[in-house]
Amino acid sequence: MASANQIHDLPSVKPLDIEQQTQEEVQEIKVFDYAKRAQWLRAAVLGANDGLLSTASLMMGVGAVKKDVKTMILTGIAGLVAGACSMAIGELVSVYSQYDIEMAQMKREDMGAEELDAGKEKLPNPWQAAGASALAFAVGALVPLLGAAFVKDYAVRVGVVIAVVSLALIAFGSFGALLGKAPVVKSSLRVLIGGWLAMGLTYGLTKLVGSAGL
């Protein structure tokens, strides 16, 4: 039997230290999860902003030459489908490349089966990334489409498209700034002015080309 002195000399377990360590681990997990979600949200906002701006610019450009609502809507739909597919394929190829590189690195490190499976779970899913990018682009592209769909008068239709796109650009710019902890007003204005320039240049150049009879 152990003497009283021997029992006294045994290392004592400090509940407070264990509790503090557990709290720190939970906090680290929460910070990691938040950072991961923020990255996905920011990518989604950028994808939606891309869909919004590219589709609206296409509609404005074609609308500079063909003023009927059918042509403008068909142009917007074509832009939505083509852009969403392009975003999905680009994201799929990019994330798969990253996935293959990291998997090859883990295999070179001679990880065990359990470690390899755990490492796979932490890697990004290429199909999930592709679907998210396509969906975000489509959501953004729907904004100018819905704005123009029910307006027959050309001048009013163009005004409505510019208005709804401007509001959406401000919203996306603000949300992206909040996620990136950047100044909201400055970021929103930057996105808004950039969007106006893109739509204005597309409209003006297409109008110029159309006037030249090409």
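No lab work stands behind these numbers, since they all come straight from the coordinates. In this text, all values refer to a predicted model and were calculated from it rather than measured experimentally. All Cβ positions, even for glycine, are placed from backbone atoms using ideal geometry, and neighbour counts span all protein chains on display.
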Take the stretch 83-110 and flag every residue that is surrounded by 14 or more Cβ atoms within 10 Å (Cβ to Cβ) and among the aliphatic types (A, V, I, L, M). A84, M87, A88, L92, V95, M103, M106
Filtered residues of the stretch 136-172 (kept if touching a residue at least 40 places away in the same chain (Cβ under 8 Å) and over 18 Å from G195 (Cα atoms)): A149, V151, K152, Y154
Residues that are farther than 30 Å from K70 by Cβ and touching a residue at least 24 places away in the same chain (Cβ under 8 Å): does the stretch 180-187 have at least one? yes
Tell me the helices (runs of 4 or more DSSP H) entirely within the stretch 102-214 that contain at least 1 residues that are among the acidic types (D, E). 113-122
